[in-house]
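Here, each number is a calculation from the coordinates, and none is a lab measurement. Predicted model, so just to flag it, every value in this text is computed and none were measured. No Cβ is skipped: glycine too gets one built from the backbone with ideal geometry, and neighbour counts run over all protein chains shown.
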There are 2 protein chains.
Amino acid sequence: MADRAGQRRIPEATVARLPIYSRALLETAEAGVGTISSERLAALAGVNAAKVRKDLSYLGSYGTRGVGYEVDHLVHEISRELGLTQDWPVVIVGIGNLGHALANYRGFGARGFRVAALVDADPTKLERKVAGLRVEGLDALADVVAQRDVSIGIIATPASAAQEVADLLVEAGVRSILNFAPAVVSVPEGVSLRKVDLAIELQILSFYQSHPPDRLVDESTETVREAQG
Amino acid sequence: MADRAGQRRIPEATVARLPIYSRALLETAEAGVGTISSERLAALAGVNAAKVRKDLSYLGSYGTRGVGYEVDHLVHEISRELGLTQDWPVVIVGIGNLGHALANYRGFGARGFRVAALVDADPTKLERKVAGLRVEGLDALADVVAQRDVSIGIIATPASAAQEVADLLVEAGVRSILNFAPAVVSVPEGVSLRKVDLAIELQILSFYQSHPPDRLVDESTETVREAQG
DNA sequence: CCGGGCTTGTGCACAAGGTCACAAGGTTCC
DNA sequence: GGAACCTTGTGACCTTGTGCACAAGCCCGG
Ligand SMILES: NC(=O)c1ccc[n+]([C@@H]2O[C@H](COP(=O)([O-])OP(=O)(O)OC[C@H]3O[C@@H](n4cnc5c(N)ncnc54)[C@H](O)[C@@H]3O)[C@@H](O)[C@H]2O)c1
Ligand SMILES: NC(=O)c1ccc[n+]([C@@H]2O[C@H](COP(=O)([O-])OP(=O)(O)OC[C@H]3O[C@@H](n4cnc5c(N)ncnc54)[C@H](O)[C@@H]3O)[C@@H](O)[C@H]2O)c1
């Protein structure tokens, strides 16, 4: 259906796994390994080998039958597909507990996500320098985003301010938002929004701890090791 | 198939949404509203109304046709289903940047998740008190888990230590783990594992920013507002 | 040059999840 | 008492995702 673009459309589930493959491949490359099979990569990524092959097939045919995938090449192709060949300046809004930790997080720059600005509404924080950056006022958000070409906004404010901050980010031109506040935020079409919600994760864990999987129905011995998906 | 338990099996996707409903309902209750329709709840949760009804139907029939759902009752039923009627003591392993932020996070206790212990491998950190708790050594993990009845473990160590820490947690008796380290961790059957991975989220955002949805194929006017799912 | 042995790429069948539409069932108002 | 109105609960259908199994394809040894 309408694949007139010639390019296959990459499924969401695949997109979510590409970064995992990428990380595993980078580690493999560092170990000096030149080639990797789907089975090995699947083990490293904690998924099924067929899934790996199908996922990678969306990028084109970069594997060699009987041999596997060339690690360096694959890393490059995945990076290109994920858009990691360019820099993505990030603004963090809300420099409290969490904002501080994020600002100081070293792993940020590793994949081209550079913290370009820190913004907070509290005037008493404007003096501070955090992780080498000056904290700026909320009113400076629009200018900062425009001037430093910020493309991703991270919301680390209290939940009550999340929607307002999201609106400001969108208005300023940010097209991707990552929300850490425990609030439902909505954005206009064309803007991507993802959330990280600690409370939800814990409550899901609580559910499964309260509802042990029914092992009485089928005493199968299949080793269903839960792995990160 | 094998619903001999009499209880319907709650789909994973539904479980992941229950905490969102719960939060929305608590806010609604605070506002003094006694009854809520699936449509209103759907709007608050950022989902489809039919989905809300189907999700809630798994808990039993707690709605009244023509009226809606009684807010207090629903809050109670969801809490019960999620297992939030009891306390879940949590241990945080790795008291660095992120571990500090988590330890100081006030929103923790709100739903019965109490930080019961802080553990780190670095001997120089053992002296410190963080958020009113003394940081304890990795060798104390097993005792701490047993004595304080810890049921959930949070991994906030570097990626290289994640699997090792997970193994220790499992060995100590923890059956639910939340992993913040960017590493694939695997656990035995019967242990729940969830992950929160900042780098992956950013890379997914990067992908969608690099691949604008193909608006040329179908210039439909449907308002597909991306909301948090 | 050919055959054996691997590993990829993918068709297919199935499972899970989402959306629509509507009958069932309750309430309210006259 | 009854009819109009509203909202739930759910069956049917569609989309997306998963896993199996196997043919196609490539390398290497002889
Ligand atoms: N601390 C954690 O470990 C943690 C974990 C998970 C989720 N969260 C969530 O992350 C968010 C931040 O948590 P925190 O512990 O850092 O809170 P915090 O109170 O320490 O920090 C919030 C910061 O946001 C600023 N702020 C408030 N309103 C603002 C606005 N309108 N615009 C810009 N800045 C504004 C405040 O001045 C403050 O500096 C919260 O929503 C919290 O629920 C925190
Ligand atoms: N800082 C952030 O904002 C942030 C954001 C997302 C993800 N993360 C991830 O969270 C993890 C922690 O990040 P951080 O910034 O706090 O790092 P950090 O280096 O500040 O802290 C790591 C802590 O773990 C301790 N540690 C090391 N090995 C250990 C072991 N085997 N057992 C117990 N403790 C051990 C260290 O002593 C240190 O205190 C990392 O994996 C990081 O990638 C951090």
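With the simple spin-label model, which puts each label point 7 Å out from Cα in the Cβ direction, the A:H73 to B:H211 separation comes to 2.1 nm.
A point 7 Å from Cα along Cα→Cβ stands in for B:G96, and the other copies hold the same point at 2.4 nm, listed in rising order. Summarising the rotation from chain B to chain A, the nearest chain B beta-carbon to the axis and its distance in Å are given as B:A101, 2.
Exposed loop sites here are GluC sites (Glu not before Pro) in DSSP loop states with at most 10 other C-beta atoms within 10 Å. What is the longest stretch of chain B lacking them?
Working: sites that count: B:E127, B:E219, B:E222.
No qualifying site falls inside B:1-126, the longest such stretch.
What is the Cα centroid distance between the stretch B:22-41 and the stretch B:135-154, reported in whole angstrom? Using only Cα atoms to place each centre, the spacing works out to 37 Å. The stretch A:158-189 and the stretch B:52-78 have their alpha-carbon centroids 29 Å apart. Excluding same-chain residues fewer than 8 positions from A:K129, which lysines have a Cα within less than 28 Å of its Cα? Straight-line reach from A:K129, under 28 Å: A:K195, B:K125, B:K129. Hydrophobic long helices, here whole DSSP H runs in chain A with Kyte-Doolittle means of at least -1.0 and Cα atoms spread over 24 Å or more along the helix axis, are found at A:12-30. Placing a label point 7 Å from Cα along the Cα-to-Cβ axis, A:D167 is separated from the same position in the other copies by 5.2 nm, shortest listed first. Computed over the stretch A:148-189, the Cα gyration tensor eigenvalues convert (square root of 5λ each) into semi-axes of 17, 11, 8 Å, ordered from largest to smallest. Bridges between two residues of chain B, per DSSP, are antiparallel at a rate of about 20%.
Using a 7 Å projection from Cα along Cα-to-Cβ, the label point at B:G190 is separated from the same position in the remaining copies by 5.4 nm, smallest value first. Calculated [222 nm] ellipticity per residue, helices only, for chain B: -12000 deg cm²/dmol; basis is -39500 (n - 2.57) per DSSP H run with n ≥ 4, divided by all residues, nearest 500. Hey, got a sec? Which trypsin sites (Lys or Arg not before Pro) in the stretch A:15-75 land in a DSSP loop and have at most 10 other Cβ atoms within 10 Å? For trypsin sites (Lys or Arg not before Pro) across the stretch A:15-75 that sit outside H, G, I, E and B with at most 10 neighbouring Cβ atoms in 10 Å, the list reads A:R65. For chain A, the ratio of Cα radius of gyration to the globular rule of thumb 2.2 N^0.38 Å stands at 1.22.
Here, P(r) means the percent of Cα pairs in each 10 Å bin from 0 to the largest distance; for the protein assembly as shown it is 4, 18, 27, 29, 18, 4, 0.
Between A:V196, A:V75, A:V115, the GNM of chain A built on Cα springs shorter than 10 angstrom shows A:V196 fluctuating the most.
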